[in-house]
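Asks: Shown below is the structure under consideration.
The values are calculated or read from the model by the stated rules, or taken from the named source; none is laboratory data. Keep in mind that this is a model prediction, so the values were computed, not measured. Positions of Cβ are generated from backbone atoms using ideal geometry, with glycine treated the same way; all protein chains shown enter the neighbour counts.
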Amino acid sequence: MLHSAAIVAGTTATVGVLLAIAAFVDAHERRLPNRLLAVALAVTLVGAVLSLAGVVVVEAVVGMVIAGALMLCVRLARGVGMGDVKMAVVVGASVGASTTTVLAAPTAIASAAFAAATYGFITNRRQLPLGPSLWFGWAVTLVAFGVMS
């Protein structure tokens, strides 16, 4: 049987590729594909369960709820679309499972918000696809918490 860390690492890498594809689609089509995000979430949660580490499962769920709730608040203020909320759920679950800390999900969302705001400021755009920034927040969080170092 694979070691818990290897399962989580493989899951994280797979989810990273799926999120990158979703971000690319969002950048070009201004939509995040539901099926792709559903597969990424399933990969994350199945990987967390297969790791046989209770903390990984708990942090994946906690990360999913925190990131989803944060983005849902922005959605209710009409700031983002539901695809962005769904991608945030995947990002939160993935960084939660990978880092096993409750700080990962809000760090990923804050990093994504900062990246989007910076890009919007530099390009003088008020509307932009959030998928690439969410992927960036995911990657920055994994690096910041030492997962990808």
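Asks: Being outside any helix (DSSP H, G or I) and either farther than 21 Å from residue 140 by Cβ or not acidic (Asp, Glu) (or both) narrows it down to one residue among 19, 32, 41; which is it?
Replies: When all the criteria are applied, what remains is 32.
Asks: Same structure again: Checking the structure you have, find out if any residue of region 89-98 is over 21 Å from residue 42 (Cβ atoms), crowded, with 20+ Cβ neighbours inside 10 Å, in contact (Cβ under 8 Å) with a residue 12 or more places away in the chain and not hydroxyl-bearing (Ser, Thr, Tyr).
Replies: No, every residue in region 89-98 fails to be over 21 Å from residue 42 (Cβ atoms), crowded, with 20+ Cβ neighbours inside 10 Å, in contact (Cβ under 8 Å) with a residue 12 or more places away in the chain and not hydroxyl-bearing (Ser, Thr, Tyr).
Asks: Which condition number in (1) crowded, with 22+ Cβ neighbours inside 10 Å; (2) among the β-branched types (Val, Ile, Thr); (3) under 25 Å from residue 52 (Cα atoms) is the one that residue 109 fails?
Replies: (3)
Asks: Another question about this same structure. In a helix (DSSP H, G or I) and touching a residue at least 24 places away in the same chain (Cβ under 8 Å) - does that describe any residue in region 69-77?
Replies: yes
Asks: State whether the residues of region 74-82 include one that is modelled with pLDDT of 95 or more and surrounded by 22 or more Cβ atoms within 10 Å (Cβ to Cβ).
Replies: So far as region 74-82 goes, no, none of its residues is modelled with pLDDT of 95 or more and surrounded by 22 or more Cβ atoms within 10 Å (Cβ to Cβ).
Asks: Please work out which one of (1) under 18 Å from residue 131 (Cβ atoms); (2) of a type outside the set (Phe, Trp, Tyr); (3) not in a helix (DSSP H, G or I) is the condition residue 94 fails and give its number.
Replies: All conditions pass for residue 94, except number (3).
Asks: For region 14-37, give me each residue that is surrounded by fewer than 13 Cβ atoms within 10 Å (Cβ to Cβ) and within 18 Å of residue 95 (Cβ to Cβ).
Replies: 17
Asks: Now a separate question. Are any residues in region 126-144 in contact with a helix residue (DSSP H, G or I) (Cβ under 9 Å, 6 or more places away or on another chain), of a type in the set (A, V, I, L, M, F, W, C) and either assigned to a helix (DSSP H, G or I) or modelled with pLDDT of 95 or more (or both), and if so, which ones?
Replies: Just the residues of region 126-144 that are in contact with a helix residue (DSSP H, G or I) (Cβ under 9 Å, 6 or more places away or on another chain), to begin with: 126-142, 144.
Next, from what is left, pick out any that are of a type in the set (A, V, I, L, M, F, W, C): 128, 130, 134-136, 138-140, 142, 144.
Scanning region 126-144 gives 130, 134, 135, 136, 138, 139, 140, 142, 144.
Asks: Free of Cβ contacts under 8 Å to residues at least 60 places away in the same chain, within 20 Å of residue 102 (Cβ to Cβ) and of a type in the set (Asp, Glu): does that describe residue 59?
Replies: yes
Asks: Residue 85: buried (at least 16 other Cβ atoms within 10 Å of the Cβ), touching a Leu at 6+ places or on another chain (Cβ under 7 Å) and either closer than 29 Å to residue 6 by Cβ or aliphatic (A, V, I, L, M) (or both), yes or no?
Replies: Answer is yes for this residue.
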